[in-house]
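As structure tokens, the structure follows; a few thoughts come after it.
The values are calculated or read from the model by the stated rules, or taken from the named source; none is laboratory data. Only a predicted model underlies this, so the values are computations on that prediction, with no experimental measurement involved. Here the Cβ is made from the backbone with ideal geometry for all residues, glycine too, and neighbour counts use every protein chain on show. Accessible surface is based on the protein model in full, side chains and every heavy atom, while ligands, DNA and RNA are left aside. Shrake-Rupley method; radii C 1.70, N 1.55, O 1.52, S 1.80 Å.
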Amino acid sequence: MPPADEPRREQLLNAADRVVQREGPGASMNAIAAEAGITKPILYRHFGDRTGLIRALTERHTSGLLAAVRAALSEPLERRDRVEHVLDTYLAGIEARPQVYRLLTHPEPGDPSGVGNALAPALRQIAEEITRAVQTQVDLGADRELLAEAWGRGITGMVLAAGDWWLESRPCSRTRMVQALADLLWGRLAAAADLPTAALPAPATDLPPA
């Protein structure tokens, strides 16, 4: 798409964001076009169809979430503070736009496109970022490689499931939820020493276009 069209495209994505936040994952193209003050054919010209629009929203939000988690992992904090900061960054990200999060994680009934599983690539990258952070910063002995891989994926899955439940049920404040998850993770992390040559993890490549 020519650069001159990008501001208009962003305006349409902003309108789609507002409608999804207001109406939930089932927001229609009619409602989004009305919010943007255009006709549906113009919306289709920019995104092809509803799946194309959802993919554009996916790229926007997953890229932002991944960048925020990367930045949190790179903060020069004490280990416990960094754990809590990363957890809080993820929960804050899904709390800020709960309906968009539901759109990315919960497929609509009969959804033929699978767009409701759109967060999966970002979660894989978050797991890789956590794995890299553990590998480069924490001394876990001879099993460091195995433990780092297992923890990276395990932590990501745990936080996904717990965050999903927390966002839906709101049993406590975000601060309390962060503390609860950090307490669960903290046992072996607290006991391990820093690696002598600990370094911040190098950023991975960006997500491919959705």
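In table form, for the structure just shown:
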item: Checking Ile38 against (1) crowded, with 17+ Cβ neighbours inside 10 Å; (2) among the aliphatic types (A, V, I, L, M); (3) in a helix (DSSP H, G or I), the condition it does not meet; result: (3)
item: Subset of region 1-35 (residues that are at pLDDT below 85, open to solvent by 10 Å² or more (accessible area, probe 1.4 Å) and within 21 Å of Tyr101 (Cα to Cα)); result: Pro25, Gly26
item: Some residue of region 58-81 being open to solvent by less than 50 Å² (accessible area, probe 1.4 Å), farther than 30 Å from Arg132 by Cβ, among the β-branched types (Val, Ile, Thr) and out of contact with any His (no Cβ under 6 Å at 6 or more places or on another chain); result: no
item: Residues (within 22 Å of Arg102 (Cα to Cα) and among the hydrophobic types (A, V, I, L, M, F, W, C)) located in region 39-61; result: Phe47, Leu53, Ile54, Ala56, Leu57
item: Hits in region 145-198 (condition: among the charged types (D, E, K, R), part of a helix (DSSP H, G or I) and farther than 14 Å from Ile94 by Cα); result: Glu145, Glu149, Arg153, Arg176, Asp183, Arg188
item: Sole residue being in contact with a helix residue (DSSP H, G or I) (Cβ under 8 Å, 6 or more places away or on another chain), part of a helix (DSSP H, G or I) and closer than 23 Å to Leu167 by Cβ, chosen from Tyr101, Tyr44; result: Tyr101
